[in-house]
Amino acid sequence: MVLIIAGFFQKEYDSLTALSLAVLVILCINPLTMTNVSFQLSVGSVLGILLFSGRVQKWIMARKWLKGHHPDSVAGKLVKWFASSIAVSASALIFTLPLCANYFGAFSAVSVITNLLTLWIITYIFCGLLICCIIGAVYTPLAVALAAIISWPMRYVLWTARVISCIPYACVS
């Protein structure tokens, strides 16, 4: 909404201002939301991504072994995707890691690896589930067939979580 309003008034969009406005609106509706762990984790992860992911990505891309790929080549695009994925995951941890340690007494030492292996498919799962719900309101048998297809990527995510959780020290207390 802030992006659209900024464009309408020909003003520059600022993601930190948009996040601050979202937090303000949520807290005006219910100030006790501030004590909600999921709210703190969500805001903390987005804040970390907004503040640090660009710089972390530039630092990763400056590594010797990642240089030398043309940006338009398949290798160049893969390197950029890899650097971006690592940067976003690591940046989200900056504020969420202390919160997880405080509230849960533990944190995931393999979260960046888990994110690399699973986050790319989560968007497709959510879109598929949304389509499945819409179709289910009209024609249930088709929605059931679609849900059977969507279950395979979901099984991949669950399998990955099971495998990764078996890594020694995957969760550090």
*Could you tally up the Lys pairs in the chain with alpha carbons closer than 14 Å? Skip any pair fewer than 8 positions apart unless they're on separate chains.*
5
*region 104-173 versus region 1-78: alpha-carbon centroid distance in Å*: 23
*Between beta-carbons, use under 11 Å as the cut-off and find the net charge around residue 79, counting Lys and Arg +1, Asp and Glu -1.*
+4
*Name all residues of region 144-166 having a backbone nitrogen under 11 Å from the label point set 7 Å from the Cα of residue 110 along its Cα→Cβ direction, giving them as ranges.*
160-166
_Within region 136-173, list the residues whose amide N lies under 20 Å from a label point set 7 Å along Cα→Cβ of residue 103._
171-173
_Computed label-point distance, nm, for sites residue 155 and residue 173 using a 7 Å Cα→Cβ extension_ = 3.5
*FRET efficiency, 1/(1 + (r/R0)^6) with R0 22 Å, evaluated for residue 80 and residue 162 via beta carbons*: 0.15
_Nonlocal amide H pairs with residue 171, under 5 Å, H built at 1.01 Å_ = 109
_Checking the a/c ratio against 1.5 first, then a/b against b/c, what shape does the Cα gyration tensor give for region 1-50?_
oblate
*Simple Cβ-charge dipole of the chain, Lys/Arg +1 and Asp/Glu -1, about Cα centre, in debye nearest 20*: 540
*Just the number, please: carbon plus sulfur as a percent of the accessible area of region 8-151, 1.4 Å probe, no ligands or DNA/RNA counted.*
73
*Mind checking which helices in the chain clear 18 Å along their axis (Cα) and have mean Kyte-Doolittle hydropathy of 1.6 or more, DSSP H runs only?*
15-29, 111-138
*Answer label for Cα extents along the principal axes in Å (calculated), chosen among [x] 57, 56, 29; [y] 50, 45, 42; [z] 46, 42, 37*: [y]
*For the chain, modelled as a GNM with alpha-carbon contacts under 10 angstrom, which of 83, 75, 92 fluctuates the most?*
75
*Between residue 67 and residue 51, 0.36 nm times their residue separation minus their Cα-Cα distance comes to what?*
3.3 nm
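The values are calculated or read from the model by the stated rules, or taken from the named source; none is laboratory data. Remember, it's a predicted structure, so these values are computed and weren't measured experimentally. Because the Cβ atoms are built from the backbone with ideal geometry, glycine has one as well, and the counts that use them run over all protein chains shown. Accessible surface is based on the protein model in full, side chains and every heavy atom, while ligands, DNA and RNA are left aside. Shrake-Rupley method; radii C 1.70, N 1.55, O 1.52, S 1.80 Å.
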